[in-house]
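The values are calculated or read from the model by the stated rules, or taken from the named source; none is laboratory data. Since this is a predicted model, take the numbers as computed values, not measurements. We place every Cβ from the backbone using ideal geometry, glycine too, and count neighbours over all the protein chains shown.
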Amino acid sequence: MARIALIEKKEDLQPEHQSIYDAIAQSRGVVGGPFLALLHSPELAGRTAHLGSYVRFQSSLDPKVIELAALVSARELQCKHEWAAHVNHAQKAGISLDIIRAVHQCKDAADFTFEDAQIVSFVREVLRAHRVNETTFQALYARLGERGLVELTATVGYYAMLACTLNTFDVATATAPEEFRI
């Protein structure tokens, strides 16, 4: 159960902020997850949604890279809602159940394909050590270039911010399949 009242309908907002609710609903099809808490600060919610729209739908990164980064971030931060939502998004982006299972089980990077291992290592290093080692950095720099590496870093930061919000306020409106519960 959430630790604060959730803003589940636009009528819960002052009239001058209801357009933010509508914009979030339009961009995602629904207002859910972290936005149910973030809407207590409507301007912050709107700006977060704007950033999220770029990260999820307009980034130069391959959708599989985005979803793998989101999954690893959610798993590392033990965020139930983010994990559950991105299990489905990852499958739609073409990530196999074997890869999802490996992330869920916190398998070593050596258990992933070379390209997936680069992303898994990067996300784990950012979230665990708050830095990326030179080998990981150079490999992804060569693969993604400056823009891609900046966008990957921002993607991890975006999902970490959402996980902090979801975990702090105990918001979990998505449920993972039984095999993948955290």
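Can you confirm whether the stretch 15-22 contains a residue that is modelled with pLDDT of 95 or more, of a type in the set (Phe, Trp, Tyr) and within 26 Å of residue 118 (Cβ to Cβ)? No - not one qualifying residue is present in the stretch 15-22.
Let's see how each residue does on (1) closer than 21 Å to residue 144 by Cβ; (2) out of contact with any helix residue (DSSP H, G or I) (no Cβ under 6 Å at 6 or more places or on another chain); (3) of a type in the set (Lys, Arg); (4) modelled with pLDDT under 95:
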site: 45; (1), (2), (3), (4): no, no, no, no
site: 54; (1), (2), (3), (4): yes, yes, no, no
site: 62; (1), (2), (3), (4): yes, yes, no, no
site: 73; (1), (2), (3), (4): yes, no, no, no
site: 85; (1), (2), (3), (4): no, yes, no, yes
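Every residue, every condition in (1) out of contact with any Leu (no Cβ under 9 Å at 6 or more places or on another chain); (2) hydroxyl-bearing (Ser, Thr, Tyr); (3) not assigned by TED's automatic domain parsing to the domain that holds residue 68, yes or no:
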position: 83; (1), (2), (3): no, no, no
position: 94; (1), (2), (3): yes, no, no
position: 100; (1), (2), (3): no, no, no
position: 108; (1), (2), (3): yes, no, no
position: 117; (1), (2), (3): yes, no, no
position: 132; (1), (2), (3): no, no, no
position: 136; (1), (2), (3): yes, yes, no
position: 142; (1), (2), (3): yes, no, no
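Taken as a whole, the condition of being part of a helix (DSSP H, G or I), of a type in the set (A, V, I, L, M, F, W, C) and modelled with pLDDT under 95 applies to residue 110.
Exactly one residue out of 162, 127, 140, 97 is of a type in the set (A, V, I, L, M, F, W, C) and touching a Cys at 6+ places or on another chain (Cβ under 9 Å): that is 162.
Has the stretch 25-47 got any residue that is outside the structural domain of residue 163 (by TED's automatic domain parsing), over 21 Å from residue 167 (Cα atoms) and among the hydrophobic types (A, V, I, L, M, F, W, C)? Scanning the stretch 25-47, I find at least one residue that is outside the structural domain of residue 163 (by TED's automatic domain parsing), over 21 Å from residue 167 (Cα atoms) and among the hydrophobic types (A, V, I, L, M, F, W, C), so the answer is yes. Checked against (1) closer than 24 Å to residue 34 by Cα; (2) more than 17 Å from the chain's Cα centre (by Cα); (3) aromatic (Phe, Trp, Tyr), residue 112 passes all but condition (1). Every residue in the stretch 10-34 that is within 25 Å of the chain's Cα centre (by Cα) and among the hydrophobic types (A, V, I, L, M, F, W, C), please. Passing the criteria: 20, 23, 24, 25, 30, 31.
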